[in-house]
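The values are calculated or read from the model by the stated rules, or taken from the named source; none is laboratory data. In this text the structure is predicted, and so the values were computed from the model without any measurement. Quick reminder, even Gly has a Cβ in these numbers, built from the backbone with ideal geometry, and neighbours come from all protein chains shown. Ligands, DNA and RNA are excluded from the accessible area calculation, which covers all protein heavy atoms including side chains. Shrake-Rupley method; radii C 1.70, N 1.55, O 1.52, S 1.80 Å.
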Amino acid sequence: MRKPPFEVELSEIILVKNEVNHALNNLSSWMKDEAVDKNLVTQLDTAFIRKEPYGVVLIIGPWNYPLQLIMVPLVGAIAAGNCVIIKPSEISSSTEKLLAETLPSYLD
């Protein structure tokens, strides 16, 4: 990354770890159905909002913060139940290689 190790730890790794922890802690509340107000016509029915994924997400990674700006949106997209396509920057080739080697062992 050609950055000082402390900066990489602070700006890349810790932010991603915090995002993963936040998603894991709140996933069950995000998945719950939301009750909605009923009017006179729907008084006898059950009305709620069920959250469902939209489908496919494309994440195009930049070169300046390649790990953070790929992994943080990836966590949110997977938490929402979407299929994700990642396109890392070709300028940050080491990060691109790292993601190509490690992510398939954790995600299908």
* the chain, accessible area per residue, ligands and nucleic acids excluded (1.4 Å, Å²) -> 76 Å²
* Asked: Could you give the angle, 0 to 90 degrees to the nearest 10, between helix 14-31's Cα long axis and the longest principal axis of the Cα atoms of the chain?
  -> 20 degrees
* Structure fact -> Expressed in angstrom, Rg and Dmax over the Cα atoms of the chain are 18.7, 64
* 222 nm mean residue ellipticity, helices alone, for the chain (DSSP H n ≥ 4; -39,500 (n - 2.57); rounded to 500) -> -14000 deg cm²/dmol
* Considering the Cα trace of region 1-61, what is its radius of gyration and what is Dmax, both in angstroms? -> 20.1, 64
* Asked: Expressed as an acute angle from 0 to 90° and rounded to the nearest 10, what is the orientation of the C-alpha long axis of helix 93-106 relative to the principal long axis of the chain?
  -> 50 degrees
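Applying 1/(1 + (r/R0)^6) with R0 = 25 Å to the Cβ-Cβ distance of residue 87 and residue 7, what FRET efficiency is obtained, to the nearest 0.05? Please report the intermediate quantities before stating the final value.
Details: r = 24 Å, r/R0 = 0.98.
About 0.55, to the nearest 0.05.
Lys pairs in region 1-71, Cα-Cα under 27 Å, at least 8 apart or on separate chains: how many?
Values: 3/17; 17/32; 17/51; 32/51; 38/51.
The result is 5.
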* What whole number of Å gives the distance from the Cα centroid of region 10-54 to the Cα centroid of region 61-108? -> 23 Å
* Asked: For a paramagnetic label modelled at 7 Å from the Cα of residue 33 toward its Cβ, which residues of region 67-97 fall within the zone defined by backbone nitrogen distances under 20 Å?
  -> 80-81
* **q = 0.24 Å⁻¹, region 47-104: log10 I(q)/I(0) [Debye, one scatterer per Cα]** => -0.94
* Asked: Sorted by mean Cβ packing within 10 Å, highest first, what order do the peptides 70-82, 25-37 take?
  -> 70-82, 25-37
* Cα-based helix-to-principal-axis angle, 68-79 vs the chain, degrees rounded to 10 -> 30 degrees
* Structure fact -> Computed over the chain, the relative contact order (Cα-Cα under 8 Å, seq sep at least six) in percent reads 27 percent
